[in-house]
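Below: the structure, in structure tokens.
The values are calculated or read from the model by the stated rules, or taken from the named source; none is laboratory data. Treat the numbers as computed from the prediction; the structure is a model and nothing was measured. A quick note on method: Cβ atoms are made from the backbone with ideal geometry, for glycine too, and the neighbour counts reach across all protein chains shown.
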Amino acid sequence: MTNAPLIRLGTRRSPLAMAQAHETRARLCAAHGLDESAVELVPVVAGGDKVQDRPLADVGGKALWTRELDAWLAEGKIDAAVHSLKDVETIRPDFITLAAILPRADRRDVLLGAASIASIPQGARLGTSAPRRASQMKNLRPDIEVVLFRGNVATRMAKLQAGEADVTLLAAAGLERLGEAGVGSVLDVETWLPAPSQGAIGIECRTEDARTRDLLTAIDHPRTRAEVLAERTLLEALGGSCQSPIGLLALADAERIRLNAALFSADGAERVDGAVEVAPGDAGAIAAFAADLLARATPGIAVLFSGAS
């Protein structure tokens, strides 16, 4: 064991969040030659885990996943916080820095309850609380009814099993991290766009904490960072929030990032698509892409992209 100082990683208490914290600890220990005991996991119950009967947008949006951990960072109770980046607001407090993004896992969605979207029975019920999933499904299958599904992965799978819906959608990355890989049907990103930042784990720390920032830099994955920051930059430029139905995919190579995006109306009847290639970090080109999408958006779409997340 080295004499490296103890690092306290804050995390939500859900099984998936804990799995992500364990992955982060393992990567830190491997990168710095630390014993596992040198990285302490500090669980917190987030507001979003306490309220399960209403859509996230009705009870505070994405801040419900970050508020408690932000406060613990500010108070010095933890040195860093581990997040699913798709649940983190695009605009963050100045005192917080996104110091590391781990290698991205499978960014696709998985359909449970049917072999494909086409084979879902007519008039079936889709259980989801995600505007993107609801609108994208209604765009492809207007006959499908959407019913509210909140809760962690196990809870939603149990609700499906109990017949509260006929089909549901879950992130492939979350299923893999919980040892549930192989259930359901993985949806191809060419026809079903994922959420911004889906599959990416981010670790934040206090901006002024140089020691923790240095430790976390060792586990940062440059390609994933380039993709995720491009997606988050576009979401911010669009004025997207947790109520904004957007499917988004960034694919980076050594020199360019290709962005594919689709914006939807709440009922899925209206859709605008676009694609662009940009250089990593070119916020101007991404802003221009956002402006083009919004210029082509119908009023039913544009009204959902009016406030930053």
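For the structure I just gave you, tell me whether Thr168 is assigned to a strand (DSSP E or B) and of a type in the set (S, T, N, Q). So that I can check it myself, show each step before the final result.
Values: assigned to a strand (DSSP E or B): yes; of a type in the set (S, T, N, Q): yes.
Yes: the conditions hold for Thr168.
Failed condition for Val147, given (1) within 25 Å of Met18 (Cα to Cα); (2) in contact with a Gly (Cβ under 9 Å, 6 or more places away or on another chain); (3) surrounded by fewer than 20 Cβ atoms within 10 Å (Cβ to Cβ), with all others met?
The number of the failed condition is (1).
Here is a list of conditions, (1) touching a residue at least 40 places away in the same chain (Cβ under 8 Å); (2) out of contact with any His (no Cβ under 8 Å at 6 or more places or on another chain); (3) under 21 Å from Pro103 (Cα atoms), and Ala252 meets all of them except one; can you say which number that is?
Of the numbered conditions (1) touching a residue at least 40 places away in the same chain (Cβ under 8 Å); (2) out of contact with any His (no Cβ under 8 Å at 6 or more places or on another chain); (3) under 21 Å from Pro103 (Cα atoms), the odd one out for Ala252 is (1).
Looking at Leu169, Leu175, Leu160 in this structure, which one is within 21 Å of Ser135 (Cβ to Cβ), modelled with pLDDT of 95 or more, surrounded by 15 or more Cβ atoms within 10 Å (Cβ to Cβ) and within 17 Å of the chain's Cα centre (by Cα)? First the steps, then the outcome.
Values: Leu175 fails: within 21 Å of Ser135 (Cβ to Cβ); Leu160 fails: within 17 Å of the chain's Cα centre (by Cα).
Exactly one residue qualifies, and that residue is Leu169.
Those residues that are at pLDDT 60 or above and not in a helix (DSSP H, G or I), I need them from the range 22-51; list them, please. Steps first, please.
So the first thing to find is which residues in the range 22-51 are at pLDDT 60 or above, and the list is 22-46.
Correct list: Gly33, Leu34, Asp35, Val39, Glu40, Leu41, Val42, Pro43, Val44, Val45, Ala46.
Can you give me the number of residues within the range 269-282 that are in contact (Cβ under 8 Å) with a residue 40 or more places away in the chain, surrounded by 15 or more Cβ atoms within 10 Å (Cβ to Cβ) and not basic (Lys, Arg)? Step through it out loud before you land on a result.
Of the residues in the range 269-282, the ones in contact (Cβ under 8 Å) with a residue 40 or more places away in the chain are 269, 271, 278, 280-281.
Pick out the ones that are also surrounded by 15 or more Cβ atoms within 10 Å (Cβ to Cβ) and you get 271, 278, 280.
Keeping just the survivors that are not basic (Lys, Arg) gives 278, 280.
Total meeting the criteria: 2.
Here are some residues: Arg54, Arg67, Arg92, Arg107. Which one is of a type in the set (D, E, K, R), modelled with pLDDT under 95 and under 24 Å from Leu248 (Cβ atoms)? First the steps, then the outcome.
On the way: Arg54 fails: under 24 Å from Leu248 (Cβ atoms); Arg67 fails: under 24 Å from Leu248 (Cβ atoms); Arg107 fails: modelled with pLDDT under 95.
Answer to the check: Arg92.
For the range 200-309, please list each of the helices (runs of 4 or more DSSP H) lying entirely inside it that holds at least 1 residues being outside the structural domain of Leu41 (by TED's automatic domain parsing) and under 18 Å from the mean Cα position of the chain (by Cα). Write out each step before concluding.
Numbers: elements: 210-217, 222-238, 283-296, 299-302.
Qualifying helices (runs of 4 or more DSSP H): 222-238.
Let me confirm something: among Asp87, Asp79, which residue is without any contact (Cβ under 8 Å) to a residue 40 or more places away in the chain, surrounded by 20 or more Cβ atoms within 10 Å (Cβ to Cβ), assigned by TED's automatic domain parsing to the domain that holds Leu28 and not small (Gly, Ala, Ser)?
Only one candidate passes the filter, namely Asp87.
Have a look at Arg225, Arg206, Arg211 and point out the one that is of a type outside the set (A, V, I, L, M, F, W, C), within 24 Å of Arg132 (Cβ to Cβ), at pLDDT 95 or above and surrounded by fewer than 23 Cβ atoms within 10 Å (Cβ to Cβ). Even if it seems obvious, please write down each step before you answer.
Numbers: Arg206 fails: within 24 Å of Arg132 (Cβ to Cβ); Arg211 fails: within 24 Å of Arg132 (Cβ to Cβ).
One residue alone meets the criteria, Arg225.
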